[in-house]
1. Can you report the number of residues in segment 83-102 which are more than 24 Å from Val214 (Cβ to Cβ), surrounded by 19 or more Cβ atoms within 10 Å (Cβ to Cβ) and not aliphatic (A, V, I, L, M)?
2. Residue pairs, Cβ under 6 Å, 6 or more apart or interchain, first in segment 42-60 and modelled with pLDDT under 85, second surrounded by 11 or more Cβ atoms within 10 Å (Cβ to Cβ). List them.
3. So, in segment 172-200, how many residues would count as being within 16 Å of Gln141 (Cβ to Cβ) and not acidic (Asp, Glu)?
4. Counting only residues that are among the acidic types (Asp, Glu) and touching a strand residue (DSSP E or B) at 6+ places or on another chain (Cβ under 8 Å), which one in segment 98-126 is farthest from Pro77 (Cα to Cα)?
5. Quick check on this structure: which one of Leu259, Leu242 is in contact with a strand residue (DSSP E or B) (Cβ under 6 Å, 6 or more places away or on another chain), over 19 Å from Met162 (Cα atoms) and surrounded by 19 or more Cβ atoms within 10 Å (Cβ to Cβ)?
6. Exactly one of (1) in contact with a Phe, Trp or Tyr (Cβ under 9 Å, 6 or more places away or on another chain); (2) closer than 20 Å to Thr291 by Cβ is unmet by Ala172. Its number?
7. Here are some conditions: (1) surrounded by fewer than 17 Cβ atoms within 10 Å (Cβ to Cβ); (2) touching a Pro at 6+ places or on another chain (Cβ under 7 Å); (3) aliphatic (A, V, I, L, M). Ala284 meets all but one. Which one does it not meet?
8. Out of segment 168-182, which residues are surrounded by fewer than 19 Cβ atoms within 10 Å (Cβ to Cβ) and under 17 Å from Asn220 (Cα atoms)?
Amino acid sequence: MFLNKFFKIVLANYTHQIFYCYKMRQYFFFGIPFSYFCTTTQHTMYKIFIRPLLFCFDPEKVHYFTFSLIRFLNKIPGFSSLFQALYEVKDARLEREVFGIKFKNPVGLAAGFDKDAKLYQELSNFGFGFIEIGTLTPVGQEGNPKKRLFRLKEDNAIINRMGFNNGGVKEAVERLKQNKGVLIGGNIGKNKVTPNEEAVKDYEICFEALFPYVDYFVVNVSSPNTPNLRELQDKKPLTELLQTLQDKNNAKSKQKPILLKIAPDLTDEQLLDIIDIVNETKIAGVIATNTTISREGLQSENKSEMGGLSGKPLTKRSTEVIRFLSEKSNKSFPIIGVGGIHTAEDAIEKLNAGASLVQLYTGFIYEGPALVKAINEKILENC
């Protein structure tokens, strides 16, 4: 009821205040040109007004509310263009060609935000160069019992134990058929009830179903929230899994990049194994990193909750993993850097450490969509 009333108020009172001036080639809101709302102003407004309001409520409920709000606003004539005008940075110098794909800019949205491919079109209006959906499983599943998502405000972090909650790969495919030019990554996993001995079949099912509709694949064996999943990161089962998928990929008339998403908790020896596996199976690259099970240095009340930790506490470790993989592999494969990117400087640090692209998740929640624009602008400054 509250949501419907809120939407009606917005529609009735504010949409007529947005107009486009063709002579000046920009949008106006209440007579104020959008150019006035610089990245710093947008960032400040989000952190002072919007974030405190959202953070008053349960994190998972707010996530779904935000989804509904973004979808609603994008249905209002002019709002999609409004978001693009506010957050997109269009410049050929931002373009990157990585594993044979041209990205309009190197800043993507990490998996976990749009698990079921319900909002990728609208989220792309915030300036992302690519959107990664999932993690998807062959059969839909509820995930772990609630409450399963926790803010750690003092640490600028989140702990989640969602457990691959999703509606199943077939439902996502139906939505992806409506895609209008958004570059999509498909993050795939196994169902909770599937034993590790049969896990390869689950990944094969998702791979085949998604193949016509995504631009690249991500094999997720590093989530800490599915029992025993991380055991698949061991050298023998991981090599078997990736080789099976790569064989299926090679049998296609046109191949698509397969990436491996790894945990930040791997030892140097395990990371060296990852390098060997990538080179042996000839997959396209690595995403570094997923969430961590470490709780070192945390201050927040929720620090003892079970699950994967993401956000600012992960900044340093994820960058260390990126640098290690890049240097020890002699840059033999591309890396997408993710983990603790809350500022433009955090993103630049990961790019300098060896990442070809970066992704946001927790930083997007804590800093707002202006972070996407800030990173792209900072990259242009360094060109």
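1. Looking only at that region, the number is 0.
2. These pairs meet every condition: Gln42/Ala370; His43/Ala370.
3. 11
4. To start, the set of residues in segment 98-126 that are among the acidic types (Asp, Glu) comprises 114, 116, 122.
This time we only want the ones that are touching a strand residue (DSSP E or B) at 6+ places or on another chain (Cβ under 8 Å), so: 114, 116.
Working: Asp114: 23, Asp116: 25 Å.
Per the criteria, the residue is Asp116.
5. Numbers: Leu242 fails: in contact with a strand residue (DSSP E or B) (Cβ under 6 Å, 6 or more places away or on another chain).
That would be Leu259, the only listed residue that is in contact with a strand residue (DSSP E or B) (Cβ under 6 Å, 6 or more places away or on another chain), over 19 Å from Met162 (Cα atoms) and surrounded by 19 or more Cβ atoms within 10 Å (Cβ to Cβ).
6. Here Ala172 clears every test but (2).
7. Every listed condition holds for Ala284 apart from (1).
8. Scanning segment 168-182 gives a single hit, Gly168.
The values are calculated or read from the model by the stated rules, or taken from the named source; none is laboratory data. A quick note: this is a predicted structure, and the numbers were derived from the prediction, not measured. Every residue, glycine among them, receives a Cβ derived from its backbone with ideal geometry; neighbour counts consider all protein chains shown.
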